[in-house]
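The values are calculated or read from the model by the stated rules, or taken from the named source; none is laboratory data. Since this is a predicted model, take the numbers as computed values, not measurements. Cβ: placed from backbone, ideal geometry, glycine included. Neighbour counts: every protein chain shown. The area values use the complete protein model at the heavy-atom level, side chains included, leaving out ligands, DNA and RNA. Shrake-Rupley method; radii C 1.70, N 1.55, O 1.52, S 1.80 Å.
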Amino acid sequence: MVRMFGACPILILRLLLCCLGLAFCQLSSASRVVKDDRGVELAFSSPAKRIVSLYPSLTESICLLNACDRLVGVDRSSNWPEWVQSVAHLGGLWDTSLEELVRLKPDVVLMSFSNPKLTQRLEALGVAVLVFQPQTIEQMKQALREMTKLVDPVEAELGGAGHAEQLIHQMDLDLLALKAQIPQWARGRRIYLEVGSEGYAASQSSYIGQLLEAYELINVVPKTLGDFPKMNREWLLRQAPDIMVLAHGQRKSLKTVRGLRVLTPVIDERVCALNQEQTDRLLRLGPRLASGVRAVVDCINKMRPL
């Protein structure tokens with residue numbers, strides 16, 4: 001009788017292990033549902049092993065989720081990390097090679113809203129497509145969580161997004177730390193941040209504008225004009241910004257540009273231009289955002305104080 005009583009715990013343990021094993025098998029075979037920015041939901045019975053990314057920030061996000069080796073094709077502009085140079089490049093926004101893409105037999109194609117006709121053609125061919133093009137930091141975080149479910153089998157099975165949350169948490173910490181690094185003289189000053197060499201600028205409604213406001217900087221581009229409106233020189237002269245940041249890789253000094261060399265920040269050397277790598281980090285809304293913002297903050301700290 002004692003022997004039977006002693007065997008019960010062992011029997012119970014074996015039964016529990018069997019139940020846990022069965023539950024794990026059910027989780028492993030269960031579909032993982034990924035929802036894109038269109039609201040489209042796709043179910044995957046296993047992690048995506050062959051991914052095509054046609055948007056640089058999505059390429060970078062996949063790599064930061066430790067799934068770079070799943071990429072079999074990317075767009076022409078995807079250039080980070082260096083590893084992506086070794087995979088097939090399928091063209092740009094309007095000249096994506098559809099035939100070459102289909103030959104890669106991707107489990108899923110990640111892309112933006114920018115080419116709906118390509119999205120429709122791929123879906124008509126039976127190719128799984130997920131569209132992500134976040135416009136805010138919160139939307140970017142949610143896209144990252146969805147992509148984690150696509151590539152991370154453990155997190156998908158457990159219904160979580162641990163790796164994404166780690167990236168998000170670190171980004172939030174970095175952005176908060178950068179706020180403290182804004183020099184006192186710059187707080188409350190008027191700033192103009194240009195994101196395109198033809199005069200496109202970040203407005204108050206853009207994610208960049210929202211960060212500038214959080215950092216106690218006054219963005220001269222109003223939210224009523226849209227996120228990234230095109231501004232002309234006459235308008236800029238009337239706004240009289242105190243600080244100018246050029247985030248489009250332009251190295252030409254504004255002191256040589258007719259009509260702009262009379263601006264106070266140009267005269268007083270409170271203008272800086274980010275290089276192309278820094279610009280990519282800032283304008284590709286993804287997990288590397290904080291390093292792009294750091295370039296802006298460092299830029300301001302190097303300026304001659306007011």
Query - Residue-span extension gain [W94 to Q139] - 0.36 nm each, minus C-alpha spacing - result: 13.7 nm
**Report entry** Loop sites in the stretch 31-132: chymotrypsin sites (Phe, Trp or Tyr not before Pro), DSSP, at most 16 other Cβ within 10 Å
**Finding:** W94, F113
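Between beta-carbons, use under 15 Å as the cut-off and find the net charge around D69, counting Lys and Arg +1, Asp and Glu -1. Let's see the in-between values first.
Details: positive: K49, R50, R70; negative: E60, E82, D107, D152.
Within the 15 Å Cβ shell, the charges total -1.
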Query raised in the report: Which value, to two decimals, describes the C-alpha radius of gyration of the stretch 218-306 once divided by 2.2 N^0.38 Å?
Result: 1.11
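Report the gain in length on full extension from N66 to K49: 0.36 nm times residue separation, minus Cα-Cα distance, nm rounded to one decimal.
On the way: separation 17, 0.36 × 17 = 6.12 nm, distance 1.23 nm.
4.9 nm is the gain from fully extending N66 to K49.
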Report summary line: Per 20 angstrom bin, beginning at 0 and ending with the bin that holds the maximum distance, the Cα pairs of the chain fall in percents of 29, 46, 19, 5, 1, 0
**Report entry** For K49, distant residues with modelled amide H under 5 Å away
**Finding:** D107
Report task. Rank these residues by their accessible area, most exposed first, probe 1.4 Å: H169, H89. Result -> H169, H89
Query raised in the report: How much mean residue ellipticity at 222 nm does the chain get from its helices, if each DSSP H run of length 4 or more adds -39500 (n - 2.57) and you divide by all residues, to the nearest 500 deg cm²/dmol?
Result: -13000 deg cm²/dmol
Query raised in the report: In the neighborhood of V297, defined by Cβ-to-Cβ distances under 13 Å, what is the net charge if each Lys or Arg adds +1 and each Asp or Glu adds -1?
Result: +2
Requested in this report: Report the longest stretch of the chain that contains none of the GluC sites (Glu not before Pro) sitting in a DSSP loop with at most 14 other Cβ atoms within 10 Å.
Outcome: 1-197
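Here is the link list: K35/K141; K149/K179; K117/K141; K35/K179; K49/K149; K49/K105. Which ones come out longer than 21 Å on Cα distance?
K149/K179; K117/K141; K35/K179
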Query raised in the report: Dividing the alpha-carbon radius of gyration of the stretch 97-221 by 2.2 N^0.38 Å (N being the number of residues), what value is obtained?
Result: 1.40
Query raised in the report: If exposed trypsin sites (Lys or Arg not before Pro) are those in a DSSP loop with at most 14 other Cβ within 10 Å, what is the longest stretch of the chain that has none?
Result: 77-186
Report task. Between L225 and Q120, with labels modelled 7 Å along Cα→Cβ, what's the label distance in nm to one decimal, could you check? Result -> 3.4
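With a probe of 1.4 Å, find how much accessible area the stretch 171-276 has per residue, and write the answer as a whole number in Å².
With all protein chains present, the stretch 171-276 gives 49 Å² per residue.
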**Report entry** Simple Cβ-charge dipole of the chain, Lys/Arg +1 and Asp/Glu -1, about Cα centre, in debye nearest 20
**Finding:** 500
Query raised in the report: By how many nm would the segment from V102 to A180 lengthen if fully extended, with 0.36 nm per residue of separation less the alpha-carbon distance?
Result: 23.2 nm
**Report entry** Charge sum, other residues only, whose C-beta stays under 15 Å from Q133's C-beta, Lys/Arg counted +1 and Asp/Glu -1
**Finding:** -3
Query - Whole-Å semi-axes of the ellipsoid equivalent to the stretch 28-73 (Cα gyration tensor, √5λ, descending) - result: 19, 15, 9
Query raised in the report: Counting DSSP beta bridges in the chain, what percent are antiparallel, to the nearest 5?
Result: 25
Query raised in the report: Got a sec? Charge dipole of the stretch 205-283, +1 on Cβ for Lys and Arg, -1 for Asp and Glu; which of M244, Q210, V262 is way out at the positive end?
Result: V262
